[in-house]
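Colleague: I have a structure I would like to understand better, so I am pasting it below and will then ask my questions one at a time.
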Amino acid sequence: MTAPSALELERRAFRAKRSRRSIWISVGSTLVFAALVWVGVVSTPGWHAVQQSFFDPGTAAKAVPAVLKGLWLNIRVLFVSAACVLVLSVLLAALRTLRGAVFFPIRAAVAIYTDLFRGLPLLIVLYLVGFGIPALGFFPRMPAGFWGTAAIVVTYTAYVSEVFRAGMEAVHPSQRLAARALGLGYWQTQRLVILPQALRKVTPALMNDFVSMQKDVGLISVLGAVDAVRAAQIQVSLSYNFTPYLVAGLAFVVLAVPMVRLTDWYTAKLQRREQMGGVV
Amino acid sequence: MSALLSLAGIRKSFGDHEVLAGIDLDVAEHEVVALVGASGSGKSTLLRCINLLEQIDDGRILLAGEDISDPRVAADRVRARIGVVFQHYNLFPHLNVLDNVTLAARHVHRLPAADARRKGMDLLERIGLGAKAREFPDRLSGGQQQRVAIVRALATDPALLLLDEITSALDPELVGEVLDLVRELKGQGTTIVMATHEMAFARDVADRVVFLDSGTIVEQGHPDAFFGAPQHERTRRFLARVRH
């Protein structure tokens, strides 16, 4: 490699100086902004009372073990739900792309299901599934966590199957043509050619749905399952202090952060690949 | 000996527009037939009808004596016997080169994975792309991608190979390597029907040139006769236009 010219060296020096300066400016402005917010909050008339009832270190420390134990239930519900949602969504998306008059009832049923459950608030689905189905007396007694998982699965499957369908329809028709020309059948084409490409296209959207699911698993507490939120509620009623809620909230944030960062990183990576070579 | 492929009275319309207005064409085994004609003359549609990717409105298609236009015939099984190469390669971007080539062998012809791989590698070595077997298609040049697409179509030993303007999307300096491969296939006795804009190539490789205009065959013949002494006014006008 040849040594850079004096002109290029001068340009590099300038760019380095400019980026050092912008780092200092951003650090400085962040500190000033944070200080302003802090002073603003602390100088409110009710701050002292809020500090005692929401930010009490002693109560927080006592709540941590119970909240973490509850969080373990949330994590299990999350991963079981995510796996079920993934499988069911792919199935529903494939059913909805079926062509032909014979399959009209299937397409219609899937369409009604996705419309209904994308519209229904999760909280109401939780009540319906969690209290309604056990009341039928048909199923054996199941823990609240089970029904909570079921409610999350039916709600999220409706969303995620639409994401998959959009992804499958976004694969260029020439891919289907090429696959069928090789003699692959309809389902073989879906499985070997369309779905793998669709999956790549929708991964950022799926990761985003997973992030939103991570906090929605906290709602199973309304069914009486002792998850992180319910554990915090119990601690609150024991201590007459709201700090345990904050502990539970932070636990959810800490749980979500790796996935949030991973989603952003992966989305940015895909974007870079598509706009190779530019500086704007 | 009857023809390997026999088309009789093929008609196809898209809405009001009649793209194929009664095509009769026989292709013998080991024959290379070049379909030429202006854009929209029906060349690509005819190829897609032969492979059952389009449904014909009338007529009959016989492949090795079997009526493949009969709706009772399993279309997937017919397509498995015909190889197609498209203008835009249509390689599968999520599979590496070797997996692209062996996909049909593994899933349509149910060859054991090891056999399919050996055969795929063999074909890739022959076209000088053995080293690219593990690369993904987007890392290859257009000419390399199109050669992989040809090998993908050949990997299942089809009875008939259809080439749909396979050099139209390529940079001029990459056309040669693709055409060389087609020339080599002819040497091995592959039966080929190709739609093409490369007149020089059609003249060089084809056993017969078929000129389509507005969905009918206007003229056909040996390349020397077709290019040397075209009989029809429409053929002469077309050749005059494409020659410069």
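Colleague: Looking at A:Leu192, A:Leu246, A:Leu255, A:Leu270 in this structure, which one is out of contact with any Cys (no Cβ under 7 Å at 6 or more places or on another chain) and without any contact (Cβ under 8 Å) to a residue 40 or more places away in the chain?
Modeller: A:Leu192
Colleague: Moving on. With the requirement that a residue be under 14 Å from the mean Cα position of the chain (by Cα), under 15 Å from B:Glu31 (Cβ atoms) and not in a helix (DSSP H, G or I), what does segment B:159-195 give you?
Modeller: B:Ala159, B:Leu160, B:Leu161, B:Leu162, B:Leu163, B:Thr190, B:Thr191, B:Ile192, B:Val193, B:Met194
The rows are residues; the columns are (1) under 24 Å from the mean Cα position of the chain (by Cα); (2) over 18 Å from A:Val67 (Cβ atoms); (3) modelled with pLDDT of 90 or more; (4) charged (D, E, K, R).
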| position | (1), (2), (3), (4) |
| --- | --- |
| A:Gly148 | yes, no, yes, no |
| A:Val160 | yes, yes, yes, no |
| A:Gln175 | no, yes, yes, no |
| A:Ser239 | no, no, no, no |
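Colleague: Kindly indicate the residue of segment B:23-68 that is within 14 Å of chain A (Cβ to nearest Cβ) and assigned to a loop (DSSP other than H, G, I, E, B) and also surrounded by the fewest Cβ atoms within 10 Å (Cβ to Cβ) among those meeting that condition.
Modeller: Only one residue fits best here, namely B:Gln55.
Colleague: Under 6 Å between Cβ atoms, at least 6 apart or on separate chains: pull out the pairs that start in segment A:83-103 with a residue that is in a helix (DSSP H, G or I) and end on any residue that is exposed (fewer than 14 other Cβ atoms within 10 Å of the Cβ) and at pLDDT 95 or above.
Modeller: From segment A:83-103, no pairs qualify.
Colleague: While we're looking at this one, here's another question. Quick one: which residue in A:Ala60, A:Ala66, A:Ala82 is under 30 Å from A:Thr114 (Cα atoms), surrounded by 12 or more Cβ atoms within 10 Å (Cβ to Cβ), among the aliphatic types (A, V, I, L, M) and under 33 Å from the mean Cα position of the chain (by Cα)?
Modeller: On inspection, the qualifying residue turns out to be A:Ala82.
Colleague: Right, another one. State all residues of segment A:193-210 that are surrounded by fewer than 21 Cβ atoms within 10 Å (Cβ to Cβ), over 15 Å from A:Thr267 (Cβ atoms) and either within 7 Å of another protein chain (Cβ to nearest Cβ) or of a type in the set (D, E, K, R) (or both); if no residue qualifies, say none.
Modeller: A:Pro196, A:Gln197
Colleague: Then there's this: Kindly provide the set of residues from segment B:98-115 that are assigned to a helix (DSSP H, G or I), within 13 Å of chain A (Cβ to nearest Cβ) and not β-branched (Val, Ile, Thr), ordered by number.
Modeller: B:Asp99, B:Asn100, B:Leu103, B:Ala104, B:Ala105, B:Arg106, B:His107
Colleague: While we're on this one: What residue, among those in segment B:86-97 that are part of a loop (DSSP other than H, G, I, E, B) and more than 9 Å from chain A (Cβ to nearest Cβ), is nearest to B:Ala131 (Cα to Cα)?
Modeller: It comes out as B:Asn96.
Colleague: So for segment B:105-118 (the condition being closer than 30 Å to B:Gly59 by Cβ and either touching a residue at least 12 places away in the same chain (Cβ under 8 Å) or among the aliphatic types (A, V, I, L, M) (or both)), does at least one residue qualify?
Modeller: yes
Colleague: On to the next question. At pLDDT 95 or above, exposed (fewer than 15 other Cβ atoms within 10 Å of the Cβ) and away from chain A (no Cβ under 14 Å): does that describe B:Asp122?
Modeller: So B:Asp122 does not fit the description; no.
Colleague: Now for a different question. Looking at (1) part of a loop (DSSP other than H, G, I, E, B); (2) without any contact (Cβ under 8 Å) to a residue 12 or more places away in the chain, which is the one condition that is false for B:Arg77?
Modeller: It fails just one condition, (1).
Colleague: Does B:Phe226 fit the bill of being more than 20 Å from the chain's Cα centre (by Cα) and either buried (at least 20 other Cβ atoms within 10 Å of the Cβ) or modelled with pLDDT under 90 (or both)?
Modeller: In short, yes.
Colleague: Still on this structure: Determine, yes or no, whether A:Gly145 is assigned to a helix (DSSP H, G or I), away from every other protein chain (no Cβ under 14 Å) and closer than 30 Å to A:Leu123 by Cα.
Modeller: Judged against the criteria, A:Gly145 is a match.
Colleague: Still on this structure: Taking segment B:69-84 as the region of interest, how many residues are in contact with a strand residue (DSSP E or B) (Cβ under 8 Å, 6 or more places away or on another chain) and within 9 Å of another protein chain (Cβ to nearest Cβ)?
Modeller: Count: 5.
Colleague: Go through segment B:125-138 residue by residue and tally those that are surrounded by fewer than 16 Cβ atoms within 10 Å (Cβ to Cβ) and closer than 15 Å to B:Ala155 by Cβ.
Modeller: Number satisfying all stated conditions: 3.
Colleague: Looking at (1) in contact (Cβ under 8 Å) with a residue 24 or more places away in the chain; (2) not in a helix (DSSP H, G or I), which is the only condition A:Ile75 fails?
Modeller: Only one criterion is unmet by A:Ile75, namely (2).
Colleague: Go through the residues of segment A:236-245 one by one and say whether even a single one is of a type in the set (A, V, I, L, M), in a helix (DSSP H, G or I), more than 13 Å from chain B (Cβ to nearest Cβ) and buried (at least 17 other Cβ atoms within 10 Å of the Cβ).
Modeller: Yes.
Colleague: Cβ-Cβ under 6 Å, sequence separation 6+ or interchain: first residue in segment A:28-56 and under 21 Å from A:Gly249 (Cα atoms), partner not in a loop (DSSP other than H, G, I, E, B). Which pairs?
Modeller: Listed by first residue and then by second, the contacts come to A:Phe54/A:Thr243; A:Phe54/A:Leu246; A:Asp56/A:Thr243.
The values are calculated or read from the model by the stated rules, or taken from the named source; none is laboratory data. All values derive from a computational prediction rather than experimental measurement. Cβ atoms come from the backbone with ideal geometry, glycine included; neighbour counts cover every protein chain shown.
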